[in-house]
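Participant: My structure is below; once you've seen it, I'll send some questions.
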Amino acid sequence: MEYPKKSYTVLEATKKMEHFCAYQERCHKEVRAKLKTLGIIPMAVDQIMGHLIQENYLNEERFAKSYARGKFNIKKWGRKRIVQELKQRDISVYNIKVALSEIPEEVYREAFETLAQKRWHQLKDGKLEIKKRKLSHYLLYRGWESHLVYDMVHQLSATD
């Protein structure tokens, strides 16, 4: 048996979205998708979005900065992966640049070197070529720049 979908008034949906945005930073695309799943009509969606932006529950620049910092610090993603993920969320080029400026260059390089060395020592393959391929694939998948990856792979394989 299928139950009818609960319908929300604009005020109820607005309160629900305020809680949704207060719990965690959200991008416009996520909030629009959530409103769509609630069955809110397009005219009300625009009204609610306007309210959330005006009341500072929704801020794309703040979201982009938070997202970039979090993915870099916690998941150790490189800039390319962060940019790719932000583009998928329809974040503007300006906000992406601002978000990437949150990561200092020396911290970025240090994190990359630490991650690469840690992974290199975890790999137990006997053949050097397989170990190099696995390390480069691992780092490229996480969005680190290819010139950094290949320089590091060459540097680590020379010390082995």
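Participant: Which of the residues spanning region 24-52 are surrounded by fewer than 15 Cβ atoms within 10 Å (Cβ to Cβ) and under 22 Å from VAL98 (Cα atoms)?
Facilitator: Passing the criteria: GLN24, LYS29.
Participant: Return the residue satisfying two criteria in turn: it lies in region 115-160 and is under 29 Å from the mean Cα position of the chain (by Cα) and not in a helix (DSSP H, G or I), and of such residues it is nearest to VAL83 (Cα to Cα).
Facilitator: The selected residue is GLY143.
Participant: Scan region 102-120 residue by residue and report those that are surrounded by 11 or more Cβ atoms within 10 Å (Cβ to Cβ) and under 17 Å from GLY70 (Cα atoms).
Facilitator: Once the filter is applied, which keeps residues that are surrounded by 11 or more Cβ atoms within 10 Å (Cβ to Cβ) and under 17 Å from GLY70 (Cα atoms), region 102-120 yields GLU102, ILE103, VAL107, TYR108, ARG109, GLU110, ALA111, PHE112, LEU115.
Participant: Check region 62-85 and report whether any residue there is modelled with pLDDT of 95 or more, outside any helix (DSSP H, G or I) and out of contact with any Phe, Trp or Tyr (no Cβ under 7 Å at 6 or more places or on another chain).
Facilitator: Within region 62-85, one or more residues are modelled with pLDDT of 95 or more, outside any helix (DSSP H, G or I) and out of contact with any Phe, Trp or Tyr (no Cβ under 7 Å at 6 or more places or on another chain).
Participant: Residues of region 121-148 being under 24 Å from GLY70 (Cα atoms) and either of a type in the set (Phe, Trp, Tyr) or in contact (Cβ under 8 Å) with a residue 24 or more places away in the chain (or both), which ones?
Facilitator: Listed by number, the residues that qualify are TYR138, LEU139, TYR141, ARG142, GLY143, TRP144, GLU145, LEU148.
Quick grid of which residues meet (1) of a type in the set (A, V, I, L, M); (2) closer than 27 Å to LYS15 by Cβ; (3) more than 11 Å from the chain's Cα centre (by Cα); (4) assigned by TED's automatic domain parsing to the domain that holds SER146:
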site: LYS34; (1), (2), (3), (4): no, yes, yes, no
site: ILE48; (1), (2), (3), (4): yes, yes, yes, no
site: SER66; (1), (2), (3), (4): no, yes, no, no
site: LYS71; (1), (2), (3), (4): no, no, no, no
site: ARG79; (1), (2), (3), (4): no, no, no, no
site: SER92; (1), (2), (3), (4): no, no, yes, no
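Participant: Do you know which residues across region 29-46 are more than 14 Å from LYS16 (Cα to Cα) and of a type outside the set (Asp, Glu)?
Facilitator: LYS29, ILE41, PRO42, MET43
The values are calculated or read from the model by the stated rules, or taken from the named source; none is laboratory data. Remember, predicted model here, so these are calculated numbers, not experimental data. Heads up, the Cβs are rebuilt from the backbone with ideal geometry, glycines too, and the neighbour counts pull from every protein chain shown.
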